[in-house]
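Taking it in order: structure first as structure tokens, then the write-up.
The values are calculated or read from the model by the stated rules, or taken from the named source; none is laboratory data. Keep in mind that what you see is a predicted model, and the values were worked out from it rather than measured. Don't worry about glycine lacking a Cβ; one is built from the backbone with ideal geometry, like all the others, and counts go over all protein chains shown.
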Amino acid sequence: MRVKRSRPILVRPAPGSASQARVALSHGVRPAALGRTGIRALKREGDGGTPLGRFPIRQVLYRADRVTRPRTLIPVQAIRQHDGWCDDPADRNYNRLIRLPSRRSAEGLKRADELYDLVLVLGYNDRPRVKGKGSAIFVHLARPGFTPTDGCIALTRHDFTMLLAQVREGSVIWVLR
């Protein structure tokens, strides 16, 4: 039996705005937010850029206290109270899910706002991990007006849900210029 491969999800900068994008999804081309410094070929920790390249979708994280478990064909995990993502290049757990509190720098995943109610973890700088190349590159929910992220790709809740419906194991996101 032949396995159907999914088409890559293409992300391109929006005309006239380095920090906004257009994402080609199965239901059309949709707006998105990018990092505050736009798309970067040489991504570094803290530079505010969205990395250029092709990234596998690893898993979905979600806030079980705010949204129902997403229906998707990729691995799903609820965000727990003490979940964080290590963004300290000097830590052995750099660019990994960790338990908080941490003695090193880490971003909490259980945020007060709704941005991380749904999160796609992208396979950026994870196999292998390179210290200082950047961490916590996700697809998450957008702020009103698609204001810039710290390097992630952000979609409306509706478009994020539509994206989840089309991804499967082996799906990739291509960030292009």
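Numbers for the structure displayed
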read-out	value
Test for Val60: is it farther than 18 Å from Val130 by Cα, touching a strand residue (DSSP E or B) at 6+ places or on another chain (Cβ under 9 Å) and surrounded by fewer than 19 Cβ atoms within 10 Å (Cβ to Cβ)	no
Ile137 vs. criteria at pLDDT 95 or above, among the β-branched types (Val, Ile, Thr), closer than 13 Å to Cys86 by Cα and touching a Pro at 6+ places or on another chain (Cβ under 7 Å)	yes
Hits in segment 137-171 (condition: closer than 15 Å to Arg36 by Cα and either charged (D, E, K, R) or touching an Asp or Glu at 6+ places or on another chain (Cβ under 7 Å) (or both))	Arg143, Asp150
Which numbered condition Arg69 fails, given (1) more than 25 Å from Asn95 (Cα to Cα); (2) at pLDDT 95 or above	(1)
Every pair of residues 6+ apart whose Cβ atoms lie under 6 Å, when the first sits in segment 80-94 and is more than 17 Å from Val60 (Cα to Cα) while the second is at pLDDT 95 or above and of a type in the set (Asp, Glu)	Pro89/Glu45
So Gly49, is it crowded, with 20+ Cβ neighbours inside 10 Å and within 29 Å of Ser17 (Cα to Cα)	yes
Single condition Ala21 does not satisfy, out of (1) part of a loop (DSSP other than H, G, I, E, B); (2) touching a Pro at 6+ places or on another chain (Cβ under 8 Å); (3) not acidic (Asp, Glu)	(1)
The one condition in (1) at pLDDT below 95; (2) touching a Ser or Thr at 6+ places or on another chain (Cβ under 7 Å); (3) polar (S, T, N, Q) that Ser102 fails to fulfil	(2)
Some residue of segment 51-69 being under 14 Å from the mean Cα position of the chain (by Cα), within 23 Å of Leu109 (Cα to Cα) and part of a loop (DSSP other than H, G, I, E, B)	no
Count of residues meeting criterion [in a loop (DSSP other than H, G, I, E, B), among the small types (Gly, Ala, Ser) and surrounded by 15 or more Cβ atoms within 10 Å (Cβ to Cβ)] in segment 75-100	0
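For every residue, the table says whether it meets (1) more than 30 Å from Arg103 (Cβ to Cβ); (2) in contact (Cβ under 8 Å) with a residue 12 or more places away in the chain; (3) touching an Asp or Glu at 6+ places or on another chain (Cβ under 7 Å).
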{"position": "Leu34", "(1), (2), (3)": "yes, yes, no"}
{"position": "Arg40", "(1), (2), (3)": "no, yes, yes"}
{"position": "Asp47", "(1), (2), (3)": "no, yes, no"}
{"position": "Arg54", "(1), (2), (3)": "yes, yes, no"}
{"position": "Arg58", "(1), (2), (3)": "no, yes, no"}
{"position": "Arg66", "(1), (2), (3)": "no, yes, yes"}
{"position": "Pro70", "(1), (2), (3)": "yes, yes, no"}
{"position": "Leu73", "(1), (2), (3)": "yes, yes, yes"}
{"position": "Gln77", "(1), (2), (3)": "no, yes, no"}
